[in-house]
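What follows draws every value from the coordinates through simple rules; no lab data is involved. All figures in this text were calculated on a predicted structure; none of them were measured in a lab. Note that each Cβ is placed from the backbone with ideal geometry, even for glycine, and that neighbours are counted across all protein chains shown.
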Amino acid sequence: MNPSSIYIHIPFCSRKCLFCSFVIAVGQEHRREEYVKALVNEMKEYEGQRVNTIYFGGGTPSMLDEDHFYVLMNAIRKNFLFQNDIEMTIEANPESINRTKAKFLKAQGFNRVSLGVQSMNDRHLKFLGRAHDAPLARDAYRILREEGFVNINLDLMYAFPQETREELEEDVRNIALLGSEHLSLYTLAIEPNSRFHTARMKLDDDESQAEQYLLVARILNEYGFNQYEISNFSKSTRFESTHNKNYWRCYPYLGFGMGAHGFTGRRRYWNTSRLQEYLERMTHGKDAVEGFEDLTDDQLIMEKVLFGLRMHEGVPWDLVPLNRYKLIQTWIKEGFLLLEKQKLRTTDRGRLVLDELSARLI
Ligand code: SF4
């Protein structure tokens, strides 16, 4: 099967947020041109493939200048065939959106923007080390709308330590009131390689986080958001992220850039996550791939089951391996899973412990 999605990693950030553990490059803006050239080189060998989603993630892709986008978009258009209904997403941070940039991105064909708002509470934004405040996020959102973006995702983070229920409710309502079509929910977590980890930041316990998750989901529901995946909410099926659904359905995708991952339908591979090494490899015509894993048939099926359980649409029952039937039937009886019309789905209760269930299924 040919890849249907492309992921392009743009690692540049103006500073490192305190929770961040992504593959990024801070203070390296002077290397953007070199990086874009490297991406173009990396794409060369994939000529002629048809794609239905393109996703610019980061880092902060909106930190690229117009010239960088021209070069990249020309290479993408030259190398790949776009399906008519292609979804083209770009991640952006509020401080890197202005009217000129929004107009330009629209003209380049982006039809979906994922805006890293995280919170509309300035105290939280400061705590996270974000480079924007709530008024700036509101302005960026308004500009995107005025420039014609009709499919906007907002990232929303919750589970801030010692946050009161009232503060959480207010924050979620303020984000929902902005009026986006899609919301992606992130639980604040202390990831290795993050500054919070170095500072030994402590979070609320799992039980409190689970209560907060349910509260957030309930409020989003009140504002017309439908939960179609464990952390993703959309106002209608039309605005569900096709790119992410391609991942969750285990469709093949190509990953370009430092630290990018790809999947061939059998092999998972990942590029070097060191900027200098990535640039050198691309300049000297070498492969950016640093490692790979070939999935066995059993692993592939389990991935499909586990990703499928994250989505509301669930998993076809006939995909579930025979040797997991007994365990799954126990969970159905205990109310964690539901079997309906030959589809296995996670219940509200199951969603709270899905990571545990997944670990036991493997
Ligand atoms: S969270 Fe996003 S904006 Fe912040 S440093 Fe990480 S990639 Fe950059």
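Quick one: grab the alpha carbon gyration tensor of the stretch 90-194, order the square roots of its eigenvalues as a ≥ b ≥ c, and give me rounded if a/c is under 1.5, else prolate or oblate depending on whether a/b is larger than b/c.
prolate
Which order do the peptides 90-99, 29-38 come out in when sorted by mean C-beta neighbours inside 10 angstrom, highest first?
Descending mean neighbour count gives 90-99, 29-38.
Calculate the length of the line joining the C-alpha centroid of the stretch 284-357 to that of the stretch 148-180, in whole Å.
One Cα centre to the other: 29 Å.
With each label point set 7 Å from Cα along the Cα-Cβ vector, what nm distance links residue 221 and residue 284?
5.7 nm
Just for the chain, what percent of DSSP beta bridges are antiparallel, to the closest 5?
Within the chain, antiparallel bridges account for around 40 percent of the total.
Among the lysines, which have Cα under 26 Å from the Cα of residue 126 when same-chain residues fewer than 8 positions away are ignored?
Counting by Cα, and skipping residues close in sequence, residue 126 has these lysines nearby: 16, 101, 202.
Once the dipole of the stretch 110-180 is set up with Lys and Arg at +1 and Asp and Glu at -1 on Cβ about the Cα centre, which of 143, 175, 129 lies farthest towards its positive end?
Going by the charge dipole, the pick is 143.
Let's test the formula: R0 of 56 Å, r as the Cβ-Cβ distance of residue 330 and residue 82. What FRET efficiency results, to the nearest 0.05?
Efficiency computed from Cβ-Cβ geometry: 0.75.
Could you order the peptides 144-155, 72-83 from most to least packed, using the average number of other C-beta atoms within 10 Å per residue?
By packing density, highest mean first, the sequence is 144-155, 72-83.
Check the straight Cα-Cα distances from residue 44 and name the lysines below 21 Å, setting aside those fewer than 8 residues away within the same chain.
Once the sequence-local lysines are set aside, what remains near residue 44 is 78, 286.
Rounded, prolate or oblate: which fits the stretch 1-88 when a ≥ b ≥ c are the square roots of the eigenvalues of the alpha-carbon gyration tensor, with rounded for a/c under 1.5 and prolate only if a/b beats b/c?
prolate
Around residue 89, what is the net charge, scoring Lys/Arg as +1 and Asp/Glu as -1 over all other residues with Cβ under 15 Å from its Cβ?
-2
For the pair residue 293/residue 211, report the inter-label distance in nm, with labels modelled 7 Å from Cα in the Cβ direction.
Going from the residue 293 label point to the residue 211 one covers 3.6 nm.
Scattering from the C-alpha atoms of the chain alone, worked out with Debye: what is log10 I(q)/I(0) at q = 0.10, 0.12 1/Å?
Computed log10 I(q)/I(0) values: -0.66, -0.98.
Using a Förster distance of 41 Å, how high is the FRET efficiency between residue 33 and residue 312, based on the Cβ-Cβ distance and rounded to 0.05?
Once rounded, the FRET efficiency stands at 0.45.
Which lysines have a Cα lying under 27 Å from the Cα of residue 326, excluding residues fewer than 8 positions away in the same chain?
Hits, sequence-local ones excluded: 304, 341, 343.
Going by Cβ distance under 4.7 Å, what cysteines of the chain have no possible disulfide partner?
13, 250
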